[in-house]
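Below you'll find the structure, written out as structure tokens, and then a few comments.
Every read-out reported here was derived from the displayed coordinates using simple, explicitly stated rules and does not represent laboratory data. The structure presented is a predicted model; accordingly, all values stated were derived computationally and were not measured. Note that we place each Cβ from the backbone using ideal geometry, even for glycine, and neighbour counts take in every protein chain shown.
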Amino acid sequence: MTDTISPDLDRISLPEGIPAAQFEAELRQVQRAVAAADDEAGLLLAARRSQELVHRLVDQTQAARAMTLFISVLNDMLTRRVVEVVSAGTGMDGVRWCWISLGSEGRQEQTLSSDQDNGIIFAGDTDSDALRAKMLPLAQRINAALDACGFPLCTGEVMASNPQWCLSLSEWKERFRNWIIEGDPQALLNASIFFDLRPLHGATELAGELGDWLAREAAANPRFQFQMAANAMKREIPLGLFNRFVVDKHGKYPGTIDLKVGVATLFVDAARIYGLASGSHASNTAERFRQAVNTHRLHPNDAERWIRAFYFVQMLRLKIQQRSYRLGLEMHNHLDPRELDRSDRWFLRDALLAARSLHRRLQLDYPGSQGMF
């Protein structure tokens, strides 16, 4: 197995508004706690210190881009240590395998409330079932340890302990190939999670090979891109007549906009489509938009507008989650626009107008796709 990747926290930009000395001192404390963790108690201590630091920083900054990346890198660091500690002495030294992150963690866009989305790629195709049987008990222990550290188990069971997501490299390729060929609603749902894969620990070259292969396959299949575009365009922008906010009338949070499902997801889905169409296996939303600029699929001004809008929505999500956390409530992504001051209401409306323009751009680039389902 290859060495664990060392997270390069020194390259993370200091979130605006946070004193540099304070940031660096507290960051080093968390790093030391993670590095020293060699049992469950140590991992829990490291997780608590990491979470405390994140919550303090969210109170002090409006820099969503730096903050979501910083949260993701800290979570990466802790997850790698969990995998190292739990897998030590389990007899896996002779097996090449890679722990992969998916979803928002794969995109490095995590907020304060994120459950687990992960999987395993392992080498060896002659006896995949036997290797999988060997890997699954370890994956179950890792998922349980991550849950104890504050990363809730995925309710949809998109986790490495699920045999469906603990696969050999060739099995993963076959799984992705079927999704691309079938393009049915379940395949598109899976694509929205699994196409964001990123290696975290182990034989990262396995994930690299899978990502390179996937980029070629997806770019060569325009029908699948049209199906993904049709799926993305089902999302309705919460703006009505005269650009007034459209809020939920029912459900758990009436009178609010779901910033994750109703807004942020369109930016994520569209960027994924343009990224794959560009032959890139970048997983981050901003990187995908910029790759599409580099391949002349998007105008740079449009891409930057959508990136700014996406990160403004991400910042609102962080603030909502932080307020819920401070009040001891369940963290969520629902915003009552009336609670915003005039400036932020203007910025939110502008972000929704940007989302609407992105929706229209998808319609232009993938004409007729809305009638595919």
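Simple spin-label estimate for Glu205 and Arg28 gives 3.6 nm between the two label positions (7 Å along the Cα-to-Cβ direction from each Cα). Computed from label points 7 Å out along Cα-Cβ, the spacing between Ala123 and Gln363 is 5.0 nm.
Length available on full extension from Arg244 to Asp93: 0.36 nm per residue minus the Cα-Cα distance, which gives 48.5 nm.
For region 124-236, what is the convex hull (Cα atoms) projected area averaged across all directions, in square nanometres?
If you wrap the Cα atoms of region 124-236 in a convex hull and average its projections, you get 8.3 nm².
Quick one: which of 138-150, 282-294, 325-337, 240-252 comes out on top by average Cβ neighbours within 10 Å, and what's the full order, highest first?
On the way: 138-150: 19.0, 282-294: 22.2, 325-337: 14.9, 240-252: 11.0.
Highest to lowest by the protection proxy: 282-294, 138-150, 325-337, 240-252.
When each pair of different Cα atoms in region 223-371 is counted once in the 1/r mean, what is the Kirkwood radius in angstroms, to one decimal? If you can, show how the numbers build up before the last one.
On the way: mean 1/r = 0.0624 Å⁻¹.
The Cα-based Kirkwood calculation yields 16.0 Å.
The calculated FRET efficiency for the pair Asp336 and Glu304, based on their C-beta separation and a Förster distance of 30 Å, comes to about 0.55. Taking a Cβ cut-off of under 13 Å around Arg56, the surrounding Lys, Arg, Asp and Glu residues balance to a net charge of 0, with basic ones at +1 and acidic ones at -1. The distance from the alpha carbon centre of region 133-185 to that of region 234-311 is 26 Å, rounded to a whole number.
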